[in-house]
Amino acid sequence: MTRRLLLAAADSRSARRAVLAAPGGRAVVARFVAGETRADAVVATDSLVARGLGVTLDHLGEDTRDPDQAAAVAEEYVGLLGSLDRAGLARRAEVSVKLSALGSGLGADGPGLARAHLRAICRAADTAATTVTVDMEDHAATESTLATVAELRADHPTLGVVLQSYLRRTESDCRELLGAGSRVRLVKGAYAEPESVAWADRVEVDRSYVRCLRLLMEGQGYPMVATHDQRLIEIAGALAVRSGRPQDSYEFQMLYGIRADEQRRLAEAGETVRVYVPYGTDWYAYFMRRLAERPANLGFFARSLVGH
Ligand code: FAD
């Protein structure tokens, strides 16, 4: 129930104003968001890479409302990739992109516009010798996101995509993405979805995650195991061993500010670990999804506000 309320608040403009107006609100957000500017993002990346971690950078923002904004988002990503390259960080840092931020929701022309912007970002990533992963949004976008990624992979074969284990369709999507070079980030899923398309029961979501993980580990692609769930992290390690995968043939991924101790522990054990680092001014919806995942964070949020 709390999760549904928080996810509903993620779309509420008045709730956004309340977080912003609260004394210390921005400071609390800083636990999950690396900063507002590209320079902040590069500093955070540098510090994580120095600690032996990889990074995927997300310029915050979704549901772009006009073509100029979509173009500005694409330009930001292209500029960011140039900055990472010049700073010598592109070897360990890639980018994560949402198609809705690139304008996919802008009417009949939206999907084509987003595809063109994604292509420009992929070209910039190729120049910097790094990769792009397309985030997955709510279930209404699954089919078109997978189609876009399939189309662009013809020219950019390292383009990765996210699959969500809470969707009933995902095991079958995994089977389509088992080929050599296929980069798939497996997550549980962060949106409020109807039971017609998604499991509501957390146990079912976890079972689906394990089934998908097994397929991906036994496949020819590059699985990206994105979870903070200790049991799933251990199962992923065991499945990798059982599938005869060397440690550099898959990776673990976690969000900035969440379980940093476990990120370090895995990296010290020789695993490849990548941290998802969001930055930018449009942090509100991302922040609310993080609160929804873990009601304990609400306590942290409330205490921090009182303390400021
Ligand atoms: P949970 O069962 O939610 O959590 C397991 C344990 O992890 C918790 O008990 C707690 O100890 C810890 N934990 C989890 N979340 C938090 C938190 N917010 N604060 C503190 N501790 C926490 N979702 C999408 O729908 N689309 C995407 O494109 C997408 N990309 C992602 C990329 C990465 C790298 C990661 C790590 C997640 C991404 N997600 C995405 C979010 C994902 O779907 C889950 O909502 C999120 O990862 C929480 O699920 P979990 O697997 O960590 O398991």
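Here, each number is a calculation from the coordinates, and none is a lab measurement. For clarity, every value in this text was computed on a predicted model and none was experimentally measured. Quick reminder, even Gly has a Cβ in these numbers, built from the backbone with ideal geometry, and neighbours come from all protein chains shown.
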Pulled fully out, how much extra length does the chain show between Arg91 and Thr37, if you take 0.36 nm times their separation in residues and subtract their Cα-Cα distance? 17.3 nm
For n ≥ 4 DSSP H runs only, could you compute -39500 (n - 2.57) per run for the chain, divide by its residues and tell me the 222 nm figure to the nearest 500? -15500 deg cm²/dmol
Taking the number of other C-beta atoms within 10 Å as the exposure measure, put Ser208, Ser83 in order starting with the fewest. Ser83, Ser208
With a 10 Å Cβ neighbour count serving as the proxy for reagent exposure, in which order, fewest first, do Ile121, Ile258 appear? Ile258, Ile121
Per principal axis, descending, Cα span of the chain in whole Å: 52, 44, 40
What is the spin-label model distance, in nm, from Ala72 to Arg51 if the labels are put 7 Å beyond Cα along the C-beta direction? 3.2
Antiparallel %, DSSP beta bridges [both residues in the chain], to 5: 5
May I have the pair-distance distribution P(r) for the range 142-185, computed from all Cα-Cα distances with 5 Å bins from 0 and rounded to whole percent? 5, 22, 36, 26, 9, 2, 0
Say the dipole of the range 177-276 comes from +1 at the beta carbon of Lys and Arg and -1 at that of Asp and Glu; which of Gln230, Val275, Gly219 then lies farthest toward its positive end? Gly219
Hz values of 3J(HN,Hα) by residue in the range 272-289 - Karplus curve (6.51, -1.76, 1.60), Gly and Pro given as x: 7, 10, 10, 9, 8, 10, x, 8, x, 8, 9, 8, 4, 5, 4, 4, 5, 5
Report the residues of the range 61-99 in range of a label on Asp109: point 7 Å along Cα→C-beta, backbone N strictly under 13 Å from it. 66-71
How far apart, in nm, are two points set 7 Å out from the Cα along the Cα-to-Cβ line at Arg265 and at Ala200? 3.4
Percent antiparallel among DSSP beta bridges with both residues in the range 136-268, to the nearest 5? 10
What list of ³J(HN,Hα) couplings, whole Hz, do you get for the range 98-114 from phi and the Karplus terms 6.51, -1.76, 1.60, once you set θ to phi - 60° and write x for glycine and proline? 9, 5, 5, 6, 8, x, 4, x, 8, x, 4, 7, x, x, x, 4, 4
Give, in nm to one decimal, the length gained when the segment between Thr127 and Ala147 is fully stretched (0.36 nm per residue of separation minus the Cα-Cα distance). 4.8 nm
Test of understanding: ordering Asp206, Asp40 by Cβ neighbours within 10 Å, fewest first, what list do you get? Asp40, Asp206
So how compact is the range 90-139: Cα radius of gyration and Dmax in angstrom? 11.8, 37
Residue separation times 0.36 nm, minus the C-alpha to C-alpha distance between Arg168 and Val241: what's the value? 23.6 nm
